[in-house]
Amino acid sequence: VHRSNSQYGENIFCSWSSPNANVVITGREPVENWYSEEPTHAYGKEPATLKTGHFTQVVWKDSRELGVGVASNRSGQVFVVANYDPPGNYIGSFAKNVPPPGGFEIPKIIVDKATNNNNNSSNENSNRTTSTPKPEKHVRIVDENDPDQFDEFSQAMLRHHNEYRRRHRAPDLILHKELVRDAQQWAEILARDDRFTYRQNSKYGENLYCLWSSDRHAKPNPRDVCRSWYEEVKQYAFNQEPRGVIKGGQFTQMVWKGSKELGVGVGQTRSGKVIVVCSYYPRGNVLGQFVANVQRKTV
């Protein structure tokens, strides 16, 4: 059985031999067993079920680190556990993280080679590579151990999050400086580009909120933001794993038991849209872990 509330991705393999036999499992055996799910995987789209979950975790593009453990019992069973960080198998990220055989198609980089001349500036422009402009970095530094260092809006968002989480027996979140920077950076990018969309391939969970205001310094009411996410509870079916699209995904991320840290960011477009971004770590909405992490409201 897979662990609940783990911050890592996980694959499990079991082999049986006669008790007291000195059995050695090769590294190839469990990996080939997990990879054998590949023929039934549908590339380029989000799965309705996680029938190929061992395979997708093995090749998950964003996973960077691996840990392996082996143990046996008196009955002769040998267990192999592999942990992955960042974990894979996130709803909405399969198409971007599970490459087909041969890998994803690599986009061509266009290089503009200018002709050299005696102008001193020619060397600077002789090999220019087109690239997407880097977003302006958010440089505000805060101390995650001192809640008073966070602005009032972030503190209010944290307070309302935890009020809702307690209803569902989830531990309180804390504000964390890295997540604050992450959320603020994405809020500023969305505001700059006048977009409203989730990030692809982020290691954090994410909730978004948007409203319009003519006040250039406006911030939404934190209670209204959190209430709008929590109201998705009406769409969520408890005590079962969702199939396909998650109904109530902002609610489930909000009360996800395994999430421990929160970051809040706010941006405003030129047209007056105010965008709120919340980042969560460890991220929620992991296939196969909803029952363990999203509990019914206590009486």
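We did not get these values from a lab; they are worked out from the coordinates using the rules stated. These figures come from a predicted structure and were not determined experimentally. Because the Cβ atoms are built from the backbone with ideal geometry, glycine has one as well, and the counts that use them run over all protein chains shown.
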Inset, instruction - Determine the sum of side-chain charges near Glu241: Lys and Arg each +1, Asp and Glu each -1, restricted to other residues whose C-beta is under 13 angstrom from that of Glu241. - result: +3
Inset, instruction - At most 10 other Cβ atoms within 10 Å and a DSSP loop assignment: could you name the trypsin sites (Lys or Arg not before Pro) in region 220-299 that fit? - result: Arg270
Inset, instruction - With no solvent and one equal point scatterer placed on each C-alpha of region 147-293, evaluate the Debye formula and give log10 I(q)/I(0) for q = 0.18 Å⁻¹, two decimals. - result: -1.04
Legend entry - Residue pairs, from the table Lys257/Lys297; Lys45/Lys203; Lys203/Lys297, whose Cα atoms sit over 24 Å apart: Lys203/Lys297
